[in-house]
Structure formats: C-alpha cells, structure tokens
Amino acid sequence: MKKLIILIAIFSFTKSYCQRGIISTIDQARAGVNGYLDDRVESAQTMAGQAYSQFNTARGLASSAIDFYNSAEALSNSECTPDFSTNGNAVMTSTCRESGACESCYNDAVEHMNTYRMLLARLNCIYQNTKSFTNSAVAFGDNVAGLNAYTGLAWQKQRTNIMNSFNNLKQTYDRKYTEFIKGLKDALMEFNTCENQYGSGDWFAKSGFIYFEFMKERYKRND
Amino acid sequence: MKISILVFFSCFITILTNAQPFTLNKNIKPVELKLVPYKAKDSIWNGKINITTVAQKEDTLYYFVKGLSIYQPIYISIASQNPKHKYEIKLCKDNWKSADRTAKLDAKGNWGMQFKTEGSFGLMVVCKEPLTNYKLLVWVGKELKNIGIPSPFTKK
C-alpha cells in the first residue's frame with residue numbers, strides 16, 4: 001500500500017512537471033500595476049531591450065508620426081486602404097483659396113470636409129475588409145465542413161453567426177453612410193458660405209454639387 | 001463638430017470586425033497582446049504599447065492585437081535572446097493559414113516592421129527549438145487626424 005502511494009505521488013509529480021514543461025511563459029507588461037509604461041519611457045526601454053532599440057531606429061528615420069504612417073504599407077495586399085483620389089470631373093474650384101482674408105473660414109470648412117472624407121473612406125474599408133473576411137471564412141469553413149458530419153454541424157452554427165453579423169454590418173453601414181454624407185454636405189455648405197462671402201456666389205450649385213454627387217455614388221453600398 | 005474618428009468607430013468596430021484571424025482549429029488559442037498607454041519623450045510618438053517577454057516551448061505561438069484604426073501607424077519588433085535560433089514570423093489578417101507577411105530574424109536575432117491595418121491582426125512565431133526566449137514589442141501611434149490627404153480643389 002505504501003509503495004502504491006509513493007508510486008502515485010511520483011506519477012502525479014512527473015505528470016504535472018511534464019505538463020509545465022511544454023507550456024510557454026508569456027509575460028506582458030501591464031500598466032496600472034505600477035504605471036511604468038505610462039510615464040517612464042526608460043522603463044519601457046529597459047523592459048523591451050533590443051526590441052525597443054529597433055523601434056527607436058525605425059522612428060528615427062521618420063521626421064514625424066505622419067511621415068512614419070505614410071511610409072507604412074497596409075498589412076495585407078488585399079486589404080482596403082482609404083482612397084482619397086477625386087475624379088477629374090468632380091474636382092472643385094475655389095476662389096477663396098487664393099485670398100488671405102477668407103483663410104480661417106476656408107480652413108475650418110476644409111477641415112470639416114476632410115474629417116468626413118476620412119470617416120467615409122474608413123467606413124468603406126471596414127465594410128470591404130469584413131466582406132472579404134466573411135467570404136474567405138465561409139469558403140474555408142464550407143470546404144472543411146464537408147470532411148465529417150460533426151464538423152459539418154458545428155460549422156453550420158458558426159456560418160449562421162458569421163452571416164448574421166455581416167447582414168448587421170450592412171445595416172450599420174447604410175446608417176453611418178447617411179450620417180457621414182450629411183456631414184460632408186454640411187461641410188460643403190460651410191464652404192459655400194465662405195465662397196459667397198469672399199469669392200463667387202452660388203458655389204455649391206456650380207462646383208460643390210458635382211463633387212457631392214461623386215462622393216455619394218462612390219460610397220453608396222451596391223451589393 | 002470636433003469628431004474623434006476613433007471614438008466614433010470604437011463601438012461600431014468591436015461589434016462588426018473580426019478580432020483575430022479565422023480558424024476552426026480549437027487547438028489554436030491566440031494570446032491577446034493588450035495595449036497600454038504609452039507616453040514618449042516626444043509627444044508625437046505617444047500612443048499605446050505592448051511589451052511581452054516570452055519563453056517559448058511550443059513549436060508555434062499565436063498572438064493577436066485588436067482595436068486598430070487604419071489611420072494609426074503600427075510598429076512591431078521581436079528581439080531574440082537566442083540569435084542562433086531560427087524563427088519563422090508570420091503576420092496574418094484573415095486567417096492563420098495564409099500569412100500576409102512572413103519574415104525571419106536578422107543575424108543579430110532581431111526583426112521589426114511598420115504597417116497599417118484596420119481592426120486587428122494576428123502574429124505567429126514559429127521556432128523548432130525546445131526553448132527560445134524573446135521580447136516582443138507592439139507600438140500603435142495615436143490616430144492621425146491629418147494624414148495629408150490630397151485636396152479635391154483645383155485653382156480657378
């Protein structure tokens with residue numbers, strides 16, 4: 001009996017030791033424990049060692065975070081990235097641009113306009129990326145699910161969830177699209193006010209309208 | 001009118017986008033690299049960071065980072081404490097099977113790259129050694145409001 005207990009003890013110890021042996025240790029630095037990542041750059045530097053030095057070297061090559069951002073490529077070649085190009089026919093005119101007096105009025109309107117351009121471009125990319133993810137996941141799942149009945153059943157449940165989530169995205173896209181397009185129009189009307197004050201009258205009807213229609217069409221969901 | 005693009009989208013994205021590359025393999029259990037606030041000496045580099053120390057005993061470890069905006073710069077680096085060990089590093093977007101970027105460590109045992117992406121990304125670190133140690137750093141900059149987008153105006 002004593003021998004049996006000893007054998008069981010040895011077996012349990014060996015088993016738990018072996019299990020520990022194959023598990024990796026992953027220690028993430030946490031803010032909030034002592035806040036070292038919030039305020040003390042040196043701590044992050046010491047903790048990350050060479051990994052931090054590489055980061056320093058990489059950012060040293062850029063003159064600013066914007067420069068750093070613009071020199072970076074999208075992770076995936078098939079990933080949607082914001083496209084801010086404008087169709088030649090939709091390019092807008094501006095007399096205000098050349099006048100110093102209207103600079104402040106102009107800058108505010110353009111800033112608002114650009115905010116909505118960025119929002120619309122991002123919205124479109126989220127949609128396109130999710131669509132591509134959904135298609136790829138569904139195609140992959142459909143292929144694998146054919147292999148056995150159990151996987152097939154489990155996959156059908158997941159497939160429904162994925163498709164429901166994508167259908168919800170379509171509704172959200174349409175809601176946000178309406179909101180952002182309205183925001184863009186408001187910004188164009190702001191610009192119109194500036195043009196009426198400092199430049200040519202009726203700017204929106206002559207120039208802004210074509211651009212607005214181009215943007216409406218570009219971001220309208222068509223599937 | 002002051003709109004934070006990040007705030008605007010934050011709830012929206014968590015619901016709608018995938019948090020990590022897709023898989024049906026239940027043995028793949030990716031570890032989230034949680035980002036914490038980071039204040040740099042020069043504030044233009046403020047953002048969020050994750051620094052992780054790893055002693056890897058499995059053949060492959062899977063990580064993911066979520067909550068990213070396409071308007072944020074991202075930098076990731078690995079510094080091995082065993083420069084002679086061979087690593088295969090894979091960055092994945094949609095699924096773990098087809099990597100979007102693959103890389104190896106340089107002669108000093110280091111690797112780093114910058115990129116941008118929306119939502120999330122996955123990282124696979126493959127090393128056939130029974131034990132290898134490395135530091136992993138992920139930095140994500142602030143969401144940029146001005147990325148120098150082309151003007152839609154022409155001179156009259």
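Run the reach check for B:Lys97 against lysines, Cα to Cα strictly under 16 Å, same-chain hits fewer than 8 apart removed. What comes back?
Correct list for B:Lys97: B:Lys26, B:Lys29.
For A:His112, B:His85, what ranking results if the residue with the fewest other Cβ atoms within 10 Å of its Cβ goes first?
With the sparsest Cβ surroundings first, the list reads B:His85, A:His112.
Shape verdict for segment B:5-141, please, from the Cα gyration tensor: rounded (a/c under 1.5), prolate (a/b greater than b/c) or oblate.
oblate
Within 10 Å of each Cβ in A:100-109, how many Cβ atoms from other chains are there, averaged over the peptide?
0
Using the structure shown, list the pairs from A:Lys185/B:Lys48; A:Lys131/A:Lys176; B:Lys39/B:Lys93 with a Cα-Cα distance above 24 Å, or answer none.
Distance filter (> 24 Å) returns A:Lys185/B:Lys48; B:Lys39/B:Lys93.
Please work out the Cα center distance from segment A:167-223 to segment B:96-113, rounded to the nearest Å.
If we compute the Cα centre of each part, the gap is 43 Å.
Using only the Cα atoms of segment A:96-223, what semi-axes does the equivalent ellipsoid have when each is the square root of 5 times a gyration tensor eigenvalue? Give whole Å, largest first.
47, 11, 10
Report, in listed order, any pair from B:Lys66/B:Lys108; B:Lys90/B:Lys128; B:Lys41/B:Lys116; B:Lys34/B:Lys57 with a Cα-Cα distance greater than 18 Å.
B:Lys66/B:Lys108; B:Lys41/B:Lys116; B:Lys34/B:Lys57, as the Cα separations exceed 18 Å there.
Where a number appears in this text, it was derived from the coordinates with a stated rule and is not lab data. Small disclaimer: the values here were computed from a predicted structure and weren't measured. A quick note on method: Cβ atoms are made from the backbone with ideal geometry, for glycine too, and the neighbour counts reach across all protein chains shown.
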